[in-house]
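**Q** Dropping the structure in here first, questions after.
The values are calculated or read from the model by the stated rules, or taken from the named source; none is laboratory data. What you see is a predicted model; the values in this text were computed from it and never measured. Here Cβ is always computed from backbone atoms with ideal geometry, including for glycine, and neighbour counts include all displayed protein chains. SASA here: full protein model, heavy atoms, side chains in, ligands and nucleic acids out. Shrake-Rupley method; radii C 1.70, N 1.55, O 1.52, S 1.80 Å.
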Amino acid sequence: MLKLEGISASYGAVQALEGVSLEVEAGKIACLLGANGAGKSSTLNCISGVVPIRSGAIWFDGQRIDGRSIEQIVRHGIAQVPEGREIYPEMSVADNLVLGAWIHRRDTKQVRNDIARVYEIFPRLKEREQQHAGTLSGGEQQMLMIGRALMSRPRLLLMDEPSLGLSPVLVEKLFEVIEHLNQTGLTILLVEQNAQLALKTSEYGYILENGEMAFHGPSGELRSNEKVREAYLGT
Amino acid sequence: MSTTLALVIISGIATGAIYSLIALSIVIVYKASDAVNFAAGEFTMVGAYIALFFIVSASLPYYLIFPIVAAATFILGGAFERLVVVPITNRTKGRENPLIPIVIATFGLSLMLTGFVRVFPYTEEVRSLPPLIRGAPIFVGGVPILLTDIAIVVVAVTAILGFWLFFSYTMLGKALQASSQNPRTAALSGIPVAKMRMIVWAIAGLMAGVSGMLVGPKLALTPNLGGIIMIAIAAAVIGGFSNLPGSILGGFIVGVVQNLIGYFFGSTTIAVAPFLIIMVVLLFRPQGLFGGPVHVKKV
């Protein structure tokens, strides 16, 4: 479904990615691991069209999407849940969600249905519908970001460290949601610091080191790989 | 309360409604671009002169002049963003203090507009616009209230209400807010953030332009009318500079306080009022009268 062919990207003089290749099969969860600054977020931002690539190619459903605008890529069916608490703090929860459906804004009926669906997945958001998003807890804000991304009706969801700053209980719930979304047919590319959990949840894993792909393979194999265990799983 | 005092306050409310509009114009640009548009006062002045031009040369009625002024200042605001602010932003990306060049450009625009209107007729002498409505004043408890004052407040409040409805309830208005609050995330949802920023500047131009049409009948019209921006900045400061309802209320407060200062200490002291208000607010409540604690902006 998604295929990165040797992409390179840089911020000014700083090389962020060098010849990164990666593939995500439809209906699967793939994870992208690595230390801070290894290029995980840059990879997602290249896919989303936020950061231009210098060389290589990005394919989605057989179409080349690199060089297209962020808006076109969202329209193709790729949504990103960015890292951190990226919400609209002074707007209501409901408005935060509606804005995720910007590309479908003319289809008001469908947008209403989609919001109802998001509330089904996250009943907590329904309770806080009219509250300012800035008043939500960290976990609720993460739910809101996922819900907002779903509002664009993606087929591929890019998630950038969704477990960051959440308590162990919430992390467990979050991964339940991720698996649930996957079961409904959503393909997911998951960037994580929590390598243990990410490899358990995903079918295939990639590990970046200094902007280059260091390891990749079925998640089960990566978990038993000696070097991976030492460097990323702390065992 | 003496009748004179009541008159002073009522007149203050009418001018206050106008200041609210200009303050809103400044604050929405500040929220979208982080920069203060120091040419907002000149948008007011240009709006007033466009109205004057069509009244004197073509005797157009106000209901026809209103859309002309609104459209012209809307385009002027959007064009300035696209032709000046965007190129500057692209050139200063990643540099230290990228906003200073933008602010200086707005100063430049204010000087250009002041110079530019002098080319047109009717600007060489002090004039003023005819009242919005003619007719005998209405007496409320023995106090005569001018119809034009009522009309100013009604038009300004209607405009403000319209903006509020637009920003809160339409998808475009919400996207404009979102692009101001978190542009990176808005872009990830496919919202064309650059276009949104241009629309905000255009709307800000329109707000100030319309205020010019309202201020024209109350104040003497000269190409230096742009100085009115200090009063609007005082209103915005009362609102904490990023709180829209606070800025609206700030406009009314400044309008009334200014008149009261003039009433008690003589009309020559009126000019000092906005500066006094800015200083007092910044000294005692820098977050504005209505904001919470001071927010440190994330970088």
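**Q** Can you tell me the relative contact order of the range A:1-82? Whole percent, Cα pairs under 8 Å, sequence separation 6 or more. Walk me through the numbers before you get to the answer.
**A** Details: 126 pairs, mean separation 26.7, N = 82.
For the range A:1-82, the relative contact order is 33 percent.
**Q** Name the long-range amide H neighbours of B:SER128: under 5 Å, sequence gap of 5 or more, or other chain; modelled H, no Pro or chain starts.
**A** Hits under the 5 Å cutoff: B:LEU221.
**Q** Follow-up. With θ taken as phi - 60° and the coefficients 6.51, -1.76 and 1.60, list the Karplus ³J(HN,Hα) couplings across the range B:243-255 in order, rounded to whole Hz; mark glycine and proline as x.
**A** Working through the residues one at a time gives 9, 5, x, x, 5, 5, 4, x, x, 5, 4, 4, x Hz.
**Q** For every helix of n ≥ 4 consecutive DSSP H residues, a contribution of -39,500 (n - 2.57) applies; sum these over chain B, divide by its total residues, and give [θ] at 222 nm rounded to the nearest 500 deg cm²/dmol. Numbers along the way, then the final one.
**A** Values: 12 runs with 202 residues, N = 299.
After summing the helix terms and dividing by residue count, I get -22500 deg cm²/dmol.
**Q** Just the projected area, averaged over all directions, of the convex hull on the alpha carbon atoms of the range B:38-117: how many nm²?
**A** Details: hull surface 21.6 nm².
One quarter of the hull surface, i.e. the mean projection, equals 5.4 nm².
**Q** Scale the Cα Rg of chain B by the rule-of-thumb value 2.2 N^0.38 Å and send over the ratio, two decimals. It would help to have the intermediate numbers written out before the result.
**A** Values: Rg = 19.1 Å, N = 299, 2.2 N^0.38 = 19.2 Å.
Here the Cα radius of gyration is 1.00 times the empirical estimate.
**Q** Under a 10 Å cutoff between Cα atoms, tell me which one of B:LEU129, B:LEU225, B:LEU83 has the largest fluctuation in the Gaussian network model of chain B.
**A** B:LEU83
**Q** Given the options B:ARG285, B:ARG197, B:ARG91, state which has the largest fluctuation in a GNM of chain B using a 10 Å cut-off (strictly under) for Cα springs.
**A** B:ARG91
**Q** Quick check: Cα centre of the range B:81-129 to Cα centre of the range A:39-77, how many Å?
**A** 37 Å
**Q** Ok, one more. Quick one: which residues, 5+ away or cross-chain, put their amide H under 5 Å from the amide H of A:MET213? H built at 1.01 Å from N.
**A** Amide H neighbours of A:MET213, under 5 Å, 5+ apart: A:SER21.
**Q** How much net charge surrounds A:ALA26 when only other residues with a Cβ under 14 Å from its Cβ are counted (Lys, Arg +1; Asp, Glu -1)?
**A** Values: positive: A:LYS3, A:LYS28, A:ARG155; negative: A:GLU23, A:GLU25, A:ASP61, A:GLU203.
The answer is -1.
**Q** Any chance you could run the full-extension gain for B:ARG118 through B:ASP34? It's 0.36 nm times the residue separation minus the Cα-Cα distance, nm to one decimal. Walk me through the numbers on the way to the answer.
**A** Values: separation 84, 0.36 × 84 = 30.24 nm, distance 3.09 nm.
Using 0.36 nm per residue and subtracting the Cα-Cα distance, I get 27.1 nm.
**Q** Would you mind checking which residues have amide H under 5 Å from A:ILE53's amide H? H placed 1.01 Å from N; only 5 or more apart, or other chain.
**A** Those lying under 5 Å, H to H, from A:ILE53 are A:GLY67.
**Q** Follow-up. Residues in the range A:186-204, backbone N under 20 Å from the label point at A:ASP61 (7 Å along the Cα-to-beta-carbon vector): list them, ranges by number please.
**A** Output list for this probe position: A:186-190.
**Q** Another question, then. Take the Cβ-Cβ distance between B:ALA136 and A:LEU164 as r, set R0 to 51 Å, and report the resulting FRET efficiency rounded to the nearest 0.05.
**A** On the way: r = 68 Å, r/R0 = 1.34.
After rounding to 0.05, the efficiency reads 0.15.
**Q** Considering only protein heavy atoms, what per residue accessible area in square angstrom results for the protein assembly as shown with a 1.4 angstrom probe? Spell out each step's value before the answer.
**A** Details: 24070 Å² over 534 residues.
Per residue, the protein assembly as shown has an accessible area of 45 Å².
**Q** For the protein assembly as shown, what is the convex hull volume of its Cα atoms per residue in Å³?
**A** 178 Å³
**Q** State whether the range B:105-230 is rounded, prolate or oblate according to the following rule on the C-alpha gyration tensor (a ≥ b ≥ c being the square roots of its eigenvalues): a/c under 1.5 gives rounded; otherwise a/b larger than b/c gives prolate, and the remaining case gives oblate.
**A** Oblate, since a/c reaches 1.5 and b/c is not below a/b.
**Q** Quote the FRET efficiency, to the nearest 0.05, computed for A:GLU172 versus B:VAL103 with a Förster distance R0 of 41 Å and r equal to the Cβ-Cβ distance. Walk me through the numbers on the way to the answer.
**A** On the way: r = 49 Å, r/R0 = 1.20.
E between A:GLU172 and B:VAL103, to the nearest 0.05, is 0.25.
**Q** Follow-up. Would you work out the Kirkwood radius for the range B:6-161? I mean one over the mean of 1/r across all pairs of different Cα atoms, in Å.
**A** Numbers: mean 1/r = 0.0566 Å⁻¹.
Computed over Cα pairs of the range B:6-161, the Kirkwood hydrodynamic radius comes out at 17.7 Å.
**Q** For the range A:16-31, what does the Karplus curve 6.51 cos²θ - 1.76 cosθ + 1.60, with θ = phi - 60°, yield as ³J(HN,Hα) per residue in whole Hz, taken in order and with x for Gly and Pro?
**A** For the range A:16-31, the Karplus curve yields 9, 9, 10, x, 7, 10, 6, 9, 10, 7, 4, x, 9, 10, 10, 10 Hz.
**Q** Per residue of the range A:66-74, in order, report the coupling 6.51 cos²θ - 1.76 cosθ + 1.60 (Karplus, θ = phi - 60°) as ³J(HN,Hα) in whole Hz, putting x for Gly and Pro.
**A** Calculated HN-Hα couplings, in order: 5, x, 7, 6, 3, 4, 5, 5, 4 Hz.
**Q** What is the distance in Å between the Cα centroid of the range A:1-17 and that of the range B:179-224?
**A** Taking the Cα centre of each part, the range A:1-17 and the range B:179-224 sit 38 Å apart.
**Q** Of A:PRO162, A:PRO123, A:PRO52, which has the largest mean-square fluctuation in a 10 Å C-alpha GNM of chain A?
**A** A:PRO123
**Q** Mind checking the range B:232-267 for chymotrypsin sites (Phe, Trp or Tyr not before Pro) that DSSP puts in a loop (not H, G, I, E or B) and that have at most 15 other Cβ atoms within 10 Å? Please list the in-between numbers first.
**A** On the way: sites: B:PHE241, B:PHE252, B:TYR263, B:PHE264, B:PHE265; in loops: B:PHE241.
Passing both the DSSP loop test and the Cβ count: no residue.
**Q** How fast does the range A:6-117 diffuse by Stokes-Einstein, in µm²/s, taking the Kirkwood radius from C-alpha pairs at 4 °C and 1.567 mPa s?
**A** Working: Rh = 16.0 Å.
Translational diffusion coefficient: 81 µm²/s.
**Q** Which residues does a label at B:MET279 reach in the range B:232-273, if reach means a backbone N under 11 Å from a point 7 Å past the Cα toward the Cβ?
**A** B:272-273
**Q** Averaging sequence separations of C-alpha pairs under 8 Å and six or more residues apart, then dividing by the length of chain A, give the relative contact order as a whole percent.
**A** Numbers: 446 pairs, mean separation 64.8, N = 235.
Relative contact order here is 28 percent.
**Q** Another one. Can you give the extra length, in nm with one decimal, that the chain gains between A:LYS28 and A:GLN130 once fully stretched, where that is 0.36 nm per residue apart less the Cα-Cα distance? Please report the intermediate quantities before stating the final value.
**A** Working: separation 102, 0.36 × 102 = 36.72 nm, distance 3.46 nm.
33.3 nm is the gain from fully extending A:LYS28 to A:GLN130.
**Q** In addition: Report the label-to-label distance for B:VAL272 and B:ARG127 in nanometres (one decimal), using points 7 Å from each Cα along the Cα→Cβ vector.
**A** Placing both labels 7 Å beyond Cα along the Cβ direction yields 3.5 nm.
**Q** May I pose another question? Just tell me which lysines come within less than 30 Å, Cα to Cα, of B:LYS93; anything on the same chain fewer than 8 places away is out.
**A** Reachable lysines: A:LYS40, B:LYS31, B:LYS174, B:LYS195, B:LYS297, B:LYS298.
**Q** At a threshold of 8 angstrom on Cα-Cα distance, excluding pairs fewer than six apart, so keeping six or more, what relative contact order does the range B:85-172 reach in percent? Walk me through the numbers before you get to the answer.
**A** Values: 31 pairs, mean separation 11.6, N = 88.
For the range B:85-172, the relative contact order is 13 percent.
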